[in-house]
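The values are calculated or read from the model by the stated rules, or taken from the named source; none is laboratory data. Please read all numbers here as calculations on a predicted model, not as lab measurements. Here the Cβ positions follow ideal geometry from the backbone for every residue, glycine too, while neighbour counts run over all protein chains shown.
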Amino acid sequence: MAPPATAVADRLASPDRPRDSRANIDIMAPTKGVQWPYFLALGAAVLGVLQAFIVLLYQTYVGLGVAGYQQPVFWGVYIVTFVFWIGIGHAGTLISAILFLFRAKWRNAVNRGAEALTVFAVITAALFPILHLGRIWKLYFLIPYPNQRELWVNFKSPLLWDVFAISTYASISIVFFYIGLIPDIAIARDRATGVKKVLYTILALGWQGTGPQWKAHSRSVLHLSGLATPLVLSVHSVVSWDFAMSIVPGWHATIFAPYFVAGAVFGGFAMVVNILIPVRRIFRLERYLTDYHFENMSRFILFTSTICGYAYAAEYFIAWYSGVEFEQSSFWLRAFGPYWISTWCMITFNVIFPQLLWIKKLRTNLPFLMGLCFFINLGMWFERYVIIITSLSREYISGSWGLYVISPVELSVLAGSFCWFSMWFLLFLKVFPVIAITEVKELEIHARDHGGAH
Amino acid sequence: MPTLVSVFDLPSHAAGAVRKLKDRGFDDLKTYSPAPFTDLELAEDPRPSKVRRFTLVGGLTGVVLGFAMQIWMSLEWPIKIAGKNFASIPPFWIVGFELTILLGGFFTFFGLLIVGGLYPRRLDEHYSSRFSAEEFGVVVTVEDRDVTEVEGLLRGESAKEVTLAR
């Protein structure tokens, strides 16, 4: 008699057959069960988002003045934080796309977490230009839409380039993230029950790991990596041109694009480390996220920190060498003006502290890395603060100089942005595997098939 | 027609079985793999994936659309900026580039869905959660008279289980 129309292979009873692969069990474990510290963290994040939402309602009603927007500084913490979050996303794309093209196999264990970080960081960043508008209901003015006045946007403006760059980056990051997730969602679908099974079945799109599916999948990942590589380099370049295309002293510099990209990768890697260390510890993923991975990321941090150090030095040198009084004054004020603390924090946290990573033992010392990366993130936020605030507060005309002080509204929204980001990341942890299971299996099975070599 | 479902532990064994089956003319087959293995994919079908055509078409559409949109809109609403032409090409490279990437990426995604046959649907009768663990499946449909030969061939290539499902 023919077997019923269920999976025939499931009926093949073999006493020594493992019920499931270890990678599936280990990596899917965080998505199961109820851990109260998790819900505590999620609850705190949601509360943080709510308080920022209430503050933003107040700001929308009263006006941007409550966010400290006054002559001469009209780009404050919102733009600082926007650049910060856009930068954070860069490590994810670098790990997923650029390291994929270089065939750096160590990325396989860290790419999913980094890609998720990219998506959520870009979603967070994308909020800030909107909040910064004041009249947020006019948002659609940024987009070229057909209108009765036949009025179109100005394509020669770097701010409009930014709209296209950020929306493209967000879209491609989400597509890349989802394509990578499909085979892993299928793994979850095959083992889930109830509502989760329905959700995974829809999202897995009938994935079965057939030959044509894998071939199309590998090809898509390759092509998206090829597309995402110049994209990631372009995005922060375009963000840097928001500043560099102007004639504000301290902004009008050709070094800005590579300087911003290096800084973005630097800060992004620091954030990846800051997130993956607790994830590895809490969910016991030491088998997959090894010291080797953190050492490699430390090397990237050291390398990009050195580029940042060079860029800082080059900025000061060019300001002096140019002989332009306004540039010289602007950079003098950065180091010794009213915002000197931000500048020295930036230099100490971004250039001096990371030099400790030349010591091999420290590159794999996770508590040390956790602390270092926290300071790097702080330093990277200060970097943007220094660039934006010092230049705007002391431009050409001394009569319009002013002192910028962060307002409580801005602080509240800044805190809300971290909570918003954390909320999405925590939700992601409970629904999807934080490590790319199929990519880990690819390495493990390949090693088994070729006698441990790969 | 009879269908033989075989399970393998290693991709090289499954690929070897697929190659032998195809050499013997048994082309009605399907493989299931828990991870991507080029050897197995090429054994089943050596032709490159058609996804690349989607990426190319998407990228070209994006660059043409990007420039056309900007040139048309700049001429429709002329703003003189710094003495530049209304339709000044150098700054248009940026949005042109972004749209190349955007449409290239979207077309690649849709290419994956179309070429890979990805849409919410019932799974194959012979698909098993074992194939999303660490085992490999080769499912081949043969004539009645070939069952014994194909089973022997699969076992000869280290299939750890072979089952006949009609």
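As a summary of the residue check, A:S225 satisfies the conditions (1) closer than 22 Å to B:R52 by Cβ; (2) polar (S, T, N, Q); (3) within 8 Å of chain B (Cβ to nearest Cβ) except for the one numbered (3).
Here the condition is being free of Cβ contacts under 8 Å to residues at least 40 places away in the same chain and among the aliphatic types (A, V, I, L, M); of A:L378, A:L392, it holds for A:L378 alone.
Looking across A:F102, A:F120, one residue alone is on the phi < 0 side of the Ramachandran plot and free of Cβ contacts under 8 Å to residues at least 24 places away in the same chain. It is A:F102.
Residue check: is A:L151 more than 9 Å from chain B (Cβ to nearest Cβ) and on the phi < 0 side of the Ramachandran plot? No: the conditions fail for A:L151. Taken over the range B:82-128, residues that are part of a helix (DSSP H, G or I) and not polar (S, T, N, Q) amount to 25. The numbered conditions (1) facing another protein chain (nearest Cβ under 7 Å); (2) assigned to a helix (DSSP H, G or I); (3) surrounded by fewer than 18 Cβ atoms within 10 Å (Cβ to Cβ) are all true for B:F131 except (3). Being within 14 Å of the chain's Cα centre (by Cα) and surrounded by fewer than 18 Cβ atoms within 10 Å (Cβ to Cβ) is a property that A:I143 lacks. The residues listed here are A:I406, A:I387; of these, the one that is out of contact with any strand residue (DSSP E or B) (no Cβ under 8 Å at 6 or more places or on another chain), more than 14 Å from every other protein chain (Cβ to nearest Cβ) and closer than 19 Å to A:P249 by Cβ is A:I387. The set of residues in the range B:85-101 that are more than 7 Å from every other protein chain (Cβ to nearest Cβ) and surrounded by fewer than 21 Cβ atoms within 10 Å (Cβ to Cβ) comprises B:N85, B:F86, B:A87, B:I89, B:P90, B:W93.
Considered as a group, the residues in the range B:108-128 that are under 20 Å from B:V162 (Cβ atoms) and under 19 Å from the mean Cα position of the chain (by Cα) include one that is surrounded by the fewest Cβ atoms within 10 Å (Cβ to Cβ), and that residue is B:D124.
In summary, helices (runs of 4 or more DSSP H) completely within the range A:268-377 and bearing 1 or more residues that are of a type outside the set (D, E, K, R) and crowded, with 20+ Cβ neighbours inside 10 Å occur at A:291-322, A:325-336, A:340-347. Here A:T193 meets each of (1) surrounded by fewer than 22 Cβ atoms within 10 Å (Cβ to Cβ); (2) within 12 Å of another protein chain (Cβ to nearest Cβ); (3) among the polar types (S, T, N, Q) with one exception, condition (2). Of everything in the range A:240-250 that is in contact with an Asp or Glu (Cβ under 9 Å, 6 or more places away or on another chain) and closer than 16 Å to A:I389 by Cα, the residue that is farthest from the other protein chains (Cβ to nearest Cβ) is A:G250. Of the helices (runs of 4 or more DSSP H) contained entirely in the range B:1-81, those carrying at least 2 residues that are hydroxyl-bearing (S, T, Y) and touching a residue at least 24 places away in the same chain (Cβ under 8 Å) fall at B:51-76. Only one entry in A:F100, A:F155 is at pLDDT below 95 and within 25 Å of A:E442 (Cβ to Cβ), namely A:F100.
Considering the range A:196-219, the residues that are assigned to a helix (DSSP H, G or I) and within 18 Å of B:V138 (Cα to Cα) include one that is farthest from the other protein chains (Cβ to nearest Cβ), namely A:P212.
In the set A:S400, A:S417, only one residue is hydroxyl-bearing (S, T, Y) and buried (at least 22 other Cβ atoms within 10 Å of the Cβ); that residue is A:S417. Only one entry of A:L56, A:L94 meets the criterion of being part of a helix (DSSP H, G or I), at pLDDT 90 or above and either surrounded by 14 or more Cβ atoms within 10 Å (Cβ to Cβ) or away from chain B (no Cβ under 14 Å) (or both), and that entry is A:L56.
Scanning the range B:8-36 for residues being touching a helix residue (DSSP H, G or I) at 6+ places or on another chain (Cβ under 6 Å), more than 12 Å from chain A (Cβ to nearest Cβ) and either under 15 Å from A:T210 (Cα atoms) or surrounded by 20 or more Cβ atoms within 10 Å (Cβ to Cβ) (or both) gives a total of 1. Test A:F82 against the stated conditions and say whether it is over 24 Å from B:I94 (Cβ atoms) and either in a helix (DSSP H, G or I) or in contact (Cβ under 8 Å) with a residue 40 or more places away in the chain (or both). Taking the combined requirement at face value, the residue does not satisfy it. Residue selection: A:G399 satisfies the criterion of being over 25 Å from the mean Cα position of the chain (by Cα), free of Cβ contacts under 8 Å to residues at least 24 places away in the same chain and assigned to a helix (DSSP H, G or I).
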